[in-house]
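Colleague: Let me give you the structure first, and then I'll get to my questions.
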Amino acid sequence: MSTDGKVDKRELQIGGRRPGLVEVVKGLAADEQVITHGHLQLRPGQVVNIIASDDGSRSLAELLRSLPGGGATP
């Protein structure tokens with residue numbers, strides 16, 4: 001996701017991988033975010049609102065349960 005809140009499809013070059021972690025070595029600036037949940041419903045240029053950000057302290061399931069509505073999508 002670009003810094004202006006618009007979705008942008010990118011090709012990334014990844015490096016090392018570990019469970020829950022992927023190293024991005026090319027195609028992503030340091031201040032950009034990656035959408036990892038619900039991305040199949042998005043289109044390039046669409047504006048999104050971030051409702052949660054993964055800081056690594058909780059599992060994805062816990063993070064989604066903490067959202068209003070328990071993470072259910074309409």
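Every number here is computed from the coordinates shown, using simple stated rules; none is lab data. Just so it is clear, the structure is predicted and the values come from calculations on it, not from any experiment. Neighbour counts are summed over all protein chains in view; Cβ atoms, including those assigned to glycine, are modelled from backbone coordinates with ideal geometry.
Colleague: Calculated from DSSP H runs of 4 or more alone, at -39500 (n - 2.57) each and per residue, what is the 222 nm mean residue ellipticity of the chain, nearest 500?
Modeller: Value at 222 nm, helices only, nearest 500: -2000 deg cm²/dmol.
Colleague: Counting alpha carbon pairs within less than 8 Å and at least 6 residues apart, what relative contact order, in whole percent, applies to segment 13-71?
Modeller: Relative contact order comes out at 16 percent.
Colleague: Here is a further query. Can you give the local net charge around Gly20? Use residues other than it whose beta-carbon is closer than 15 angstrom to its beta-carbon, Lys and Arg +1, Asp and Glu -1.
Modeller: Summing Lys/Arg as +1 and Asp/Glu as -1 gives -1.
Colleague: What Kirkwood Rh does segment 13-71 have if only Cα atoms enter the pairwise 1/r average? Answer in Å.
Modeller: 13.6
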